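Asks: Below are the structure tokens for one structure; questions will follow.
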Amino acid sequence: MSTTRPVTIHPSILNADFLRIGAEVERIAGADAVHVDVMDNHFVPNLTFGATMVEQIARQGTLPVDAHLMIENADREAPAYAEAGAASVTFHLEAAAAPIRLARELHRLGTRVGVALRPATPVEPLLDILGEFDMVLVMTVEPGFGGQSFLEGMLPKIQRVRQAAASADVDLSVQVDGGVSRETIARAAEAGADCFVAGSAVYRADDAAAEITALRDLAAAHRH
């Protein structure tokens, strides 16, 4: 099985104007999905939106919703996001008591399933169960706030996930989230990432569509 997947760009609405969310999603219509950061003020020290926002954006139909759940009690709470219409639901390994059971429940509900790792969480516990997931999200900042700097020390973790997926012959997307910009995306792509969450870089650009294209082209040029 080929390990080279197409590059995808998922802008995060964490940097968008929440009062104009419909228009803000339209601004990124050339992206592959919209990344919705769900925070509960417990798992991370910030509070954003819940399943209602996911449902609203999914119903708009502009882009598939990639829901990143930075919440406690993922086993109980995550299925609501699949039911709200998210195309992909990513929960944190640190917040799930039974990640395999949860992944299978989310698949049963018809969504793609991602599992996320905070920077200090090792990837090794996942390596024998990669086949249960469609995506692994390697956080390249501490989750909770936008606009942080990319953690270069996460590049070896990205490489380990990609190599493990290749060794196990698993068709896995490797997503990175945090500090993704024109300055950092090439290194993440070289390490093996194929899916890139960019918030500040896209929403603070004068032309969001042009920035999405530039990021996609940069990443594609550095994929192996």
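Asks: Determine whether the range 143-163 contains at least one residue that is closer than 18 Å to LEU93 by Cβ, in contact (Cβ under 8 Å) with a residue 24 or more places away in the chain and touching a His at 6+ places or on another chain (Cβ under 7 Å).
Replies: no
Asks: Against the definition (of a type in the set (A, V, I, L, M, F, W, C), crowded, with 18+ Cβ neighbours inside 10 Å and under 21 Å from ALA74 (Cβ atoms)), how does VAL176 come out, yes or no? Steps first, answer last, please.
Replies: Details: of a type in the set (A, V, I, L, M, F, W, C): yes; crowded, with 18+ Cβ neighbours inside 10 Å: yes; under 21 Å from ALA74 (Cβ atoms): yes.
The answer is yes for VAL176.
Asks: Can you name the residue in the range 28-43 that is surrounded by fewer than 22 Cβ atoms within 10 Å (Cβ to Cβ) and not small (Gly, Ala, Ser) and, of all such residues, is nearest to the chain's Cα centre (by Cα)? Before you say what the answer is, go through the steps one by one.
Replies: Restricting attention to the range 28-43, the residues satisfying the condition of being surrounded by fewer than 22 Cβ atoms within 10 Å (Cβ to Cβ) are 29-30, 32-33, 39-43.
Filter once more, so that each one left must be not small (Gly, Ala, Ser): 32, 39-43.
Details: ASP32: 12, MET39: 14, ASP40: 17, ASN41: 19, HIS42: 20, PHE43: 17 Å.
For the range 28-43, the residue satisfying everything is ASP32.
Asks: Checking GLY110 against (1) closer than 18 Å to GLN175 by Cβ; (2) in a loop (DSSP other than H, G, I, E, B), which single condition isn't satisfied?
Replies: (1)
Asks: When the residues of the range 31-50 are filtered to those that are farther than 12 Å from LEU14 by Cβ and touching a Gly at 6+ places or on another chain (Cβ under 9 Å), which remaining residue is modelled with the lowest pLDDT?
Replies: Among those that are farther than 12 Å from LEU14 by Cβ and touching a Gly at 6+ places or on another chain (Cβ under 9 Å), it is PRO45.
Asks: Which residue, of ALA86, ALA82, ALA23, is closer than 20 Å to GLU105 by Cα, outside any loop (DSSP other than H, G, I, E, B) and either without any contact (Cβ under 8 Å) to a residue 24 or more places away in the chain or touching a helix residue (DSSP H, G or I) at 6+ places or on another chain (Cβ under 8 Å) (or both)? Full working, then the answer.
Replies: Working: ALA86 fails: outside any loop (DSSP other than H, G, I, E, B); ALA23 fails: closer than 20 Å to GLU105 by Cα.
Unique residue meeting the criteria: ALA82.
Asks: Please work out if ALA120 is assigned to a loop (DSSP other than H, G, I, E, B) and either touching a residue at least 60 places away in the same chain (Cβ under 8 Å) or in contact with a strand residue (DSSP E or B) (Cβ under 6 Å, 6 or more places away or on another chain) (or both).
Replies: Here the answer is no, as ALA120 does not meet what is asked.
Asks: Among the numbered conditions (1) over 11 Å from ILE9 (Cα atoms); (2) in contact with a strand residue (DSSP E or B) (Cβ under 9 Å, 6 or more places away or on another chain); (3) hydroxyl-bearing (Ser, Thr, Tyr); (4) surrounded by fewer than 22 Cβ atoms within 10 Å (Cβ to Cβ), tell me where THR184 comes up short.
Replies: In the conditions (1) over 11 Å from ILE9 (Cα atoms); (2) in contact with a strand residue (DSSP E or B) (Cβ under 9 Å, 6 or more places away or on another chain); (3) hydroxyl-bearing (Ser, Thr, Tyr); (4) surrounded by fewer than 22 Cβ atoms within 10 Å (Cβ to Cβ), THR184 misses (4) alone.
Asks: Right, here's the next one. Could you look through the range 196-210, keep only residues that are surrounded by fewer than 23 Cβ atoms within 10 Å (Cβ to Cβ) and in a helix (DSSP H, G or I), and pick out the one that is modelled with the lowest pLDDT?
Replies: Here the residue is SER200.
The values are calculated or read from the model by the stated rules, or taken from the named source; none is laboratory data. This one's a predicted model, so the numbers in the text were calculated from it and none came from an experiment. Positions of Cβ are generated from backbone atoms using ideal geometry, with glycine treated the same way; all protein chains shown enter the neighbour counts.
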